[in-house]
Number of protein chains: 2
Amino acid sequence: MARAGLTVERVTLAGAELADEVGFERLTMSALARRLGVKDASLYAHVRGLEDLRGRIALLAADEKTVRIAEATAGLAGRDALVAYAGAYRDYAREHPGRYTATQIPTEIDPELLAVARGPKRAVELTYSMLRAYALREPDLTDAVRLMRSMLHGFISLEAAGGFAHTRPVEESWSRCLDALHTLLEHWPDDPDKEGNTT
Amino acid sequence: MARAGLTVERVTLAGAELADEVGFERLTMSALARRLGVKDASLYAHVRGLEDLRGRIALLAADEKTVRIAEATAGLAGRDALVAYAGAYRDYAREHPGRYTATQIPTEIDPELLAVARGPKRAVELTYSMLRAYALREPDLTDAVRLMRSMLHGFISLEAAGGFAHTRPVEESWSRCLDALHTLLEHWPDDPDKEGNTT
DNA sequence: AGCTATAGTCTAGGGGTCCTAGGAAATGGG
DNA sequence: CCCATTTCCTAGGACCCCTAGACTATAGCT
């Protein structure tokens, strides 16, 4: 009986593919074992359990997404960078719905795994450096990062959940929302509580 | 052996409470039965199954959330209405994380249940009528609604997932994001592809 | 080649969950 | 008081997660 030749990486990748097909929440150890031509107990030699597998998929996805965004925005700045960033983000989520869902889990990921992963940290750096093209100073910069992340994530997950039932094509709303985000970043309002106005 | 006196409504409500405590994805028929002092099989007299229960919780949450928003925004307009709307939305999500998660499910809800529920439809009406205070014409109005929903939902779910690890207090970012949203709605950019500018 | 250590896979099984089928008991209307 | 309905139960099948311990393929060493 030949070995299946599994490793943590192969198991994680197969899990990610399965999650993309059936949905992250329906990812199952038994189904994954069946897909790999193996008994479910065999997976526990590579992965601590279902939670561990989910966490690994989340980190894999964070890495992949970051790479995509980095490639898409390389050499761009300002509006072009923003559109490329958002487009790469959204495309990744649509191509890999299971993996994308994995990145949203409030689950605690094994800390030692997290320490090794570079994806999440790089993603933050990418975002800040892209937004630095706009004339934002802290703390506005952090607020703007949070607004942008909220908007992208919200749009994508509402779209995935079928939340945009209206007849208006989603594609056009997407493009117009990016227009709006861009102008907002260019004209970020002063904090009415902190700054006196120019009078 | 006295009866527990269950009805669909009581089961749904208890399910919603349980979901708020342990998380929507960990809501389970057996656990709900235990909480109600009943065997799990008994629940199937009131609810078609776990999926059905989840759908009912989602509709309950949509109703409750809509009522909250309606109360909070009653009599307000413009900026005040926006802040009240967003605040009610976020507070509901934080008080009832399980129910809120339920509203995001891409799951198909039993159509005949959906027909009876007024929550989702009223929520859309509320949003449009609130935004009508800003000078937006279709299709910009729909795009603005989508942007606002995306931002609110995204912010709330990132916050719930612990996505805002930075030292900046979330409360302040929230308030500043609403400032930004307000000014954006007041100065919604023209569509560069459609309209010539004023030159 | 033979031996050994490691690592990959298996069988067996316990406990949990979802759900169905069919029976018992409480309730309410005649 | 009796009967129909509704509520709840017991019993059981299918599937899932995970552990323990045995077996086997592979690689390195002599």
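Values as computed for the structure displayed
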read-out	value
Residue satisfying condition, being more than 14 Å from B:M29 (Cα to Cα) and of a type in the set (A, V, I, L, M, F, W, C), within set B:L50, B:L60	B:L60
Evaluation of B:V47 against (1) within 14 Å of DNA strand D (Cβ to nearest atom); (2) surrounded by fewer than 16 Cβ atoms within 10 Å (Cβ to Cβ) (one fails), failing number	(2)
Set B:R68, B:R90: member being within 14 Å of chain A (Cβ to nearest Cβ) and more than 16 Å from DNA strand D (Cβ to nearest atom)	B:R90
Residue check, B:G37 small (G, A, S), more than 13 Å from DNA strand C (Cβ to nearest atom) and exposed (fewer than 14 other Cβ atoms within 10 Å of the Cβ)	yes
Residue satisfying all of: in the range B:1-28; buried (at least 17 other Cβ atoms within 10 Å of the Cβ), within 13 Å of DNA strand C (Cβ to nearest atom) and assigned to a helix (DSSP H, G or I); nearest to the other protein chains (Cβ to nearest Cβ) among these	B:F24
Selected residue (only one of B:L59, B:L53 is assigned to a helix (DSSP H, G or I), free of Cβ contacts under 8 Å to residues at least 60 places away in the same chain and within 19 Å of B:I109 (Cβ to Cβ))	B:L53
Given (1) touching a residue at least 60 places away in the same chain (Cβ under 8 Å); (2) over 18 Å from A:M130 (Cα atoms); (3) surrounded by 21 or more Cβ atoms within 10 Å (Cβ to Cβ), number of the condition A:L82 does not satisfy	(2)
Residues within the range B:124-143 that are within 20 Å of B:A70 (Cα to Cα) and more than 11 Å from every other protein chain (Cβ to nearest Cβ), tallied	9
Inter-residue pairs, beta-carbon under 8 Å, first farther than 10 Å from A:G15 by Cβ and in the range A:31-42, second within 8 Å of DNA strand C (Cβ to nearest atom) and not in a helix (DSSP H, G or I), 6+ apart	A:A33/A:K39; A:G37/A:A4; A:V38/A:A4; A:V38/A:L6; A:S42/A:A4; A:S42/A:L6
Where B:S42 falls short, out of the listed (1) surrounded by 15 or more Cβ atoms within 10 Å (Cβ to Cβ); (2) within 14 Å of chain A (Cβ to nearest Cβ); (3) within 12 Å of DNA strand C (Cβ to nearest atom); (4) at pLDDT below 95	(2)
Only one of B:Y128, B:Y92, B:Y100 that is under 25 Å from B:L178 (Cβ atoms), buried (at least 19 other Cβ atoms within 10 Å of the Cβ) and free of Cβ contacts under 8 Å to residues at least 40 places away in the same chain	B:Y92
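The values are calculated or read from the model by the stated rules, or taken from the named source; none is laboratory data. Since this is a predicted model, take the numbers as computed values, not measurements. Positions of Cβ are backbone-derived with ideal geometry, glycine not excepted, and every protein chain shown enters the neighbour counts.
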